[in-house]
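Down below is the structure, laid out as structure tokens.
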Amino acid sequence: MHFEILVEDASGGKLLERVVPGIICGEGGEAEQDTTFRIHTYKGIGHIPKGLKPGDDPQGRLLLDQLPRLLRGYGRSLKGVDAAVVVIVDQDSRSCRELKQDMVAVLRACDPKPTALLRIAIEEIEAWLLGDRAAIERAYPKAKRGPLNEYVQDAVCGTWEILADAVYPGGSKALGKLGYPVIGQVKCEWAERIGPELDVERNASKSFQVFRDGLRRLARKT
């Protein structure tokens, strides 16, 4: 099976590049036969448009803004192909249930529908990094234990700020003052350094586990 993976930002893409192969391989270490993937990154999450009509700009780089157009396109291009589209977004401050319902509504409106996996990182994809404390400490041996001890897994609490307080000099306050694009660049560094250390079998993030297990179910249908 082939996966077309859509994620809302560059740091998420870098993390997925590092964890998807381990997910597909599974505990036995043997890759699912003929399973491939390609990752597409966007410039932010955006909003699903009213009436499920995508924006006028076909090159728009906000993922949810373009989701109706993207899923319809995949429904046509992947018809009869052993492939699936995977969509991953951050919950942020939105209702997880409502966000998932809106994404499912977009999929149901497609004719034909692509095989799809719709997943939400709660609160942010940095929660998947925080799901493996040992990986953080291997990547950042001087990480501060206080913020890591206080973190409640998958809580809506300012997730990237918690990670910054643990590993970034001066913590989230110093990083926040720098603003974007620096924050995005630092998130990419976290994904590149912590991602290869993650144990996909023991990650404590429930939203990561749901993503991992869903991807494996699809891969094993080949």
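The values are calculated or read from the model by the stated rules, or taken from the named source; none is laboratory data. If you're wondering where the values come from, they're calculated on a predicted model, not measured in any experiment. A quick note on method: Cβ atoms are made from the backbone with ideal geometry, for glycine too, and the neighbour counts reach across all protein chains shown. Protein only, heavy atoms only, side chains kept; ligands, DNA and RNA dropped before computing areas. Shrake-Rupley method; radii C 1.70, N 1.55, O 1.52, S 1.80 Å.
Write out, first by first residue and then by second, each pair whose Cβ atoms fall under 8 Å of each other, whose residues are 6+ apart or on separate chains, and whose first residue, in segment 115-131, is in contact (Cβ under 8 Å) with a residue 40 or more places away in the chain and assigned to a helix (DSSP H, G or I) while the second is open to solvent by 10 Å² or more (accessible area, probe 1.4 Å) and aliphatic (A, V, I, L, M).
Note: pairs meeting the criteria are GLU126/ILE162; TRP128/LEU198; LEU129/LEU198; LEU130/LEU148; LEU130/ILE162.
Going by what's in this entry, would PRO147 be described as over 17 Å from the mean Cα position of the chain (by Cα) and in a loop (DSSP other than H, G, I, E, B)?
no
Among the residues of segment 141-160, are any at pLDDT 95 or above, farther than 30 Å from HIS2 by Cα, crowded, with 22+ Cβ neighbours inside 10 Å and touching a helix residue (DSSP H, G or I) at 6+ places or on another chain (Cβ under 9 Å)?
Yes - at least one qualifying residue is present in segment 141-160.
Scan VAL81, VAL85 and give me the residue that is part of a loop (DSSP other than H, G, I, E, B) and β-branched (Val, Ile, Thr).
VAL81
Yes or no: ALA143 aliphatic (A, V, I, L, M) and under 23 Å from PHE211 (Cα atoms)?
When the stated conditions are applied, ALA143 does not pass them.
Looking at GLY170, is it open to solvent by less than 40 Å² (accessible area, probe 1.4 Å) and either over 25 Å from LEU67 (Cα atoms) or at pLDDT 95 or above (or both)?
Spelling it out, it is not the case that GLY170 is open to solvent by less than 40 Å² (accessible area, probe 1.4 Å) and either over 25 Å from LEU67 (Cα atoms) or at pLDDT 95 or above (or both).
Test ASP165 against the stated conditions and say whether it is of a type in the set (D, E, K, R), in contact with a Pro (Cβ under 6 Å, 6 or more places away or on another chain) and either surrounded by 18 or more Cβ atoms within 10 Å (Cβ to Cβ) or not in a helix (DSSP H, G or I) (or both).
When the stated conditions are applied, ASP165 passes them.
Among the residues of segment 179-199, are any touching a Lys or Arg at 6+ places or on another chain (Cβ under 9 Å) and among the β-branched types (Val, Ile, Thr)?
Yes, that holds for at least one residue.
Please identify the pairs in which a residue from segment 12-27 that is surrounded by fewer than 20 Cβ atoms within 10 Å (Cβ to Cβ) and charged (D, E, K, R) has its Cβ atom under 7 Å from the Cβ atom of a residue that is part of a loop (DSSP other than H, G, I, E, B) and at pLDDT 95 or above, counting only partners at least 6 apart or on another chain.
GLU27/GLU201
Just give me the residues in segment 191-217 being buried (at least 20 other Cβ atoms within 10 Å of the Cβ), out of contact with any helix residue (DSSP H, G or I) (no Cβ under 6 Å at 6 or more places or on another chain) and part of a helix (DSSP H, G or I), in sequence order.
SER207, PHE211
Hey, can you tell me all the residues within segment 110-139 that are open to solvent by less than 50 Å² (accessible area, probe 1.4 Å) and over 22 Å from the mean Cα position of the chain (by Cα)?
The answer is CYS110, PRO112.
Considering only residues that are acidic (Asp, Glu) and open to solvent by less than 50 Å² (accessible area, probe 1.4 Å), look in segment 73-109 and name the one that is nearest to ILE5 (Cα to Cα).
Result: ASP90.
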